[in-house]
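The values are calculated or read from the model by the stated rules, or taken from the named source; none is laboratory data. Keep in mind it's a predicted model, so treat the numbers as computed, not measured.
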Amino acid sequence: MLTWLLSLFGRRPRRADDGPIDEGAAYAHSYGDRTGEVISVEPMPEPEPSPRARGDLTGEILRRAFEQKLDERKKLTS
């Protein structure tokens, strides 16, 4: 019964012939073989903060931006 219960959790009873393993074998067991899939990349530059993030978005700027969008929409429909 105990063997069956341990098998549910992926553990098996330790056998007497299982000796200690070396560091390389333990690493390979834990992480697998090393592949060339990992590449180094340059970090992306930080984007410019928006007026909202800087805290200087005023009602006037917002009104002008809204009017500009409305004007662009009118141009598309005309």
Tell me which of these residue 5 doesn't satisfy, since it passes every other one: (1) modelled with pLDDT under 85; (2) under 28 Å from the mean Cα position of the chain (by Cα); (3) assigned to a helix (DSSP H, G or I).
(2)
Checking residue 52 against (1) over 31 Å from the mean Cα position of the chain (by Cα); (2) outside any loop (DSSP other than H, G, I, E, B); (3) modelled with pLDDT under 75, which single condition isn't satisfied?
(1)
